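The values are calculated or read from the model by the stated rules, or taken from the named source; none is laboratory data. Bear in mind the structure is a predicted one, so any value in this text is a computation, not a measurement. Positions of Cβ are backbone-derived with ideal geometry, glycine not excepted, and every protein chain shown enters the neighbour counts. Only protein heavy atoms, including side chains, enter the accessible area calculation; ligands, DNA and RNA are left aside. Shrake-Rupley method; radii C 1.70, N 1.55, O 1.52, S 1.80 Å.
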Amino acid sequence: GGSGFVERELGLGSGSDGFGAGGIGGGASGGGVGSVNAGGVADRAGRWTRRLLQRPRLTPAQLSTNPSSSSTPPLLNIRGPTLYFFTLYFLMATQDIAVDGWALTLLSKKNRGKGPICNSIGQNIGYFLSYVGFLALNDAESSENLWRPLLGLESRPGVGLVSLGGFVKGMG
């Protein structure tokens, strides 16, 4: 069934190559589905493999262009972003090492084992404040029903207690 497009493209659809309606080896020899002409199958498999290997290959840059706009693919300039992110990650790693070294000089030998525990707890508190805390303070309904009465602030329906800009300024 089907349109036979794949069979035609791969050379599998005609009866003369042995992979046609008669089954494998069923083209010229007239064999059924179960009959196999070993020499013919090996020869046809070799032609099929060569045909696949001769297909044109496209690079990702060619795939990203509009073929009607130009015949040459645009050049991607990745040096700038690569240099930027390399520098950024280098500075972040340097800062991490410096802060860890500074923490070791601040803590007494007795408390140095507790440093990683404090670091882990502090990170989780920071994650909580920056994600859940912001969402709770920015939500207009929870601000109106929970935070404003709790803090004794005047009612402002439809407005959150903190905006994104205000939260970033306050936490930054």
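So which GluC sites (Glu not before Pro) in the range 84-172 end up in coil per DSSP with only 12 or fewer other C-beta atoms within 10 Å? Display every interim value, and only then the final one.
On the way: sites: E141, E144, E154; in loops: E154.
In loop regions of the range 84-172 (DSSP not H, G, I, E or B), the sparsely surrounded GluC sites (Glu not before Pro) are E154.
Enumerate the calculated ³J(HN,Hα) couplings along the range 135-144 in order (Karplus 6.51 cos²θ - 1.76 cosθ + 1.60, θ = phi - 60°), each rounded to whole Hz, writing x wherever the residue is Gly or Pro.
Whole-Hz 3J(HN,Hα) from phi for the range 135-144: 4, 5, 7, 8, 5, 5, 5, 5, 5, 6.
Can you work out ³J(HN,Hα) from phi for every residue in the range 85-91, in order, using Karplus 6.51 cos²θ - 1.76 cosθ + 1.60 and θ = phi - 60°, giving whole Hz and x for Gly and Pro?
Once θ is set to phi - 60°, the couplings for the range 85-91 become 6, 4, 4, 4, 5, 4, 5 Hz.
Choose one of L83, C118, V132: the residue whose Cα lies farthest towards the positive end of the charge dipole of the range 72-171 (beta-carbon charges +1 Lys, Arg; -1 Asp, Glu; about the Cα centre).
C118
List every residue whose amide H lies under 5 Å from the amide H of L107, counting only residues 5 or more places away in sequence or on a different chain, with H placed 1.01 Å from N in the peptide plane.
Amide H neighbours of L107: none.
Ordered by residue, what ³J(HN,Hα) values in Hz, to whole numbers, does the range 159-172 give under the Karplus form 6.51 cos²θ - 1.76 cosθ + 1.60, where θ = phi - 60° and Gly and Pro are x?
Karplus values, whole Hz, x for Gly and Pro: 10, x, 5, 9, 8, 5, x, x, 5, 5, 5, x, 8, x.
Run the 1.4 Å probe and let me know the accessible area of F128, rounded to the nearest 10 Å².
Probe radius 1.4 Å; accessible area of F128 about 120 Å².
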